[in-house]
Structure formats: structure tokens, C-alpha cells
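Take a look at the structure below.
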Amino acid sequence: NAGVMQNPRHLVRRRGQEARLRCSPMKGHSHVYWYRQLPEEGLKFMVYLQKENIIDESGMPKERFSAEFPKEGPSILRIQQVVRGDSAAYFCASSHSRGFDTEAFFGQGTRLTVV
Amino acid sequence: QQQVKQSPQSLIVQKGGISIINCAYENTAFDYFPWYQQFPGKGPALLIAIRPDVSEKKEGRFTISFNKSAKQFSLHIMDSQPGDSATYFCAASRNSGGSNYKLTFGKGTLLTVNP
């Protein structure tokens, strides 16, 4: 049973380009969470999705960021027109039932560098 | 506003010693307090978690002590080993819609255990 798979592991984008980060949850998991980790900081909540629905996007920047979790395929975090401040590690986690107290697992992250 | 304050920022312990990491929180609505371990290049992995109805929880060499009145909780690693060298994050969450999915993380403690 593979864990939470994120790809790519490393992504370099020039300012103004788009970044697409993919997260395949563990088998049987229908809840996905995205967190961002800035250098020297703890992880910060961005968005919680359940298949085809955004449950809570209160941590997402209002502009340029969007997330989806379609019926088929991985969850996608999209960042349009990237800026240097978007450079960070982006982690997704998944769980079978709602919430981290029901046993959720993090992926290895995508490290985004904006040059 | 940093809702979870973690200290120390870094910690060096000799093999066999006790590692102690402390966290303080502000939001009295928090009701779930996990600790995560993160190795370089990896995602955070849940170590141990506690709810405020108990003052202590032990799993192997790892113990959480919880002081509700002081709004503090700490991680104790007994008989620390070089393999424990990693970054440790405390986190806290309040129940939202029947689950704890929005974790607020501390900034992390880099633990080094010398052989």
C-alpha cells in the first residue's frame, strides 16, 4: 500500500509562470489537505478537500492559488503567476475519515523554487 | 499572531539522555495536540498525540505531558538515540465540523543526538 504520493518532488519556475503540484492520496482515502512550509517555519494550513468538493479554503491566498480534487485522478494545487515569495515546501496529507485525529498521513512534499 | 509557541529552536543531547521540547498555546478551544517528527527531505510523521482530558500519554520512549491550566504541553524523549535526530513540530487543533483537520504548527525544534 503506497503512501501519499506527491509529484514532482522538486519544481523550479520562473516568476510569472504557473506551478502545478499533484497529490495522490493513499488508497481508500477521500480527504486531502494541503499545507505550506516556509523556510524556518512550521506548516500552515491551506485547504481541505473531499472528492470533488472544497470543504475549507480559509488558508489559501485569495489570488493566484486554487485547488481541486476531481472524482478521478490526483488532487492539484495550482499557483498562477508565481512570485519569489511562493518558494516553499508544499505538503499534502490524506485520511480515510475526516480530520487528522482519524489517522492522516503526509506525503514527502513538493519543493517549489521560484527564480 | 503565532498561536503555538515552541521552544527551544534547537537542542543537542547526548545519546541516552532525555530530550525535552515545550509548546505553549493561546486558543483555549484547541482540543487535539499532536507531535510530528520530520527528517530532511521527508514529510512530517505523527509521533504521538494527546487530548486535554488526560495529563500524560506515553508510547515507548515518547511521552507527552499536558498542563491544561498553563496551556502548555511538552514532548519528552527518553534514552535519546542518534536516529532520533530530526525536526520536531508540535501542533494544535480545535474541532471544526466534527473533526480536527486544521492544524496550527509550532516553528519546530531541530534535535541533534550525539553518539
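Please state the shape class of chain B: rounded when a/c is under 1.5, otherwise prolate if a/b exceeds b/c and oblate if not, all from the C-alpha gyration tensor. Judged from the Cα gyration tensor, chain B comes out prolate (a/c at least 1.5, a/b above b/c).
Within a straight-line Cα-Cα reach of under 17 Å, B:Lys42 can be paired with the following lysines, leaving aside sequence neighbours fewer than 8 residues apart in one chain: A:Lys44, B:Lys107.
The mean number of partner chain beta-carbon atoms within 10 angstrom of a residue's beta-carbon across peptide B:103-114 is 3. Looking at region A:44-107, the trypsin sites (Lys or Arg not before Pro) that sit in a DSSP loop and have at most 14 other Cβ atoms within 10 Å of their own Cβ are A:Lys51, A:Lys62, A:Lys71. Let me make sure I get this right: for the protein assembly as shown, a, b and c are the square roots of the gyration tensor eigenvalues over alpha carbons, sorted descending. Under 1.5 in a/c it's rounded, otherwise prolate if a/b > b/c, else oblate. Which is it? Here the protein assembly as shown falls in the prolate category. Here chain B is assigned +1 on the Cβ of each Lys and Arg and -1 on the Cβ of each Asp and Glu. Its dipole about the Cα centre then comes out at about 160 debye. Can you tell me, using C-alpha contacts under 8 Å and at least 6 residues apart, the relative contact order of region B:1-66 as a whole percent? Normalised by residue count, the contact order of region B:1-66 is 20 percent. Applying a DSSP loop filter and a limit of 15 other Cβ atoms within 10 Å to the trypsin sites (Lys or Arg not before Pro) in region B:1-103 leaves B:Lys15, B:Lys42, B:Arg61, B:Lys68, B:Arg94. Estimated from the Cβ-Cβ distance and a Förster radius of 30 angstrom, the FRET efficiency linking B:Gln72 and B:Ala45 is about 0.80.
Using C-alpha pairs under 8 Å with a sequence gap of at least 6, the mean separation divided by the residue count of region B:4-114 gives a relative contact order of 37 percent. Fully extending the segment from B:Asn27 to B:Gln14, taken as 0.36 nm per residue of separation minus the present Cα-Cα distance, adds 1.2 nm. Among A:Val32, B:Val54, the order by Cβ neighbours within 10 angstrom, fewest to most, reads B:Val54, A:Val32. In this simple spin-label approximation, A:Arg78 and B:Asp79 carry label points 7 Å from Cα along the Cα→Cβ vector, and these lie 5.3 nm apart. Dividing the mean sequence gap of close Cα pairs (under 8 Å, 6+ apart) by how many residues chain A holds gives a relative contact order of 37 percent. Peptide B:52-61 has a mean shielding of 0, counted as Cβ atoms of other protein chains within 10 Å of each residue's Cβ. By the scheme Lys and Arg +1, Asp and Glu -1, what is the net charge of all other residues having a beta-carbon under 13 Å from that of A:Ala89? Around A:Ala89, the charge tally is +2.
Readers should treat all values here as calculations from the given coordinates under stated rules, not as data from a laboratory. Since the model is a prediction, treat every value here as computed from it, not as a measurement. Ideal geometry is used to build each Cβ from the backbone, glycine not excepted, and the neighbour counts take in all protein chains shown.
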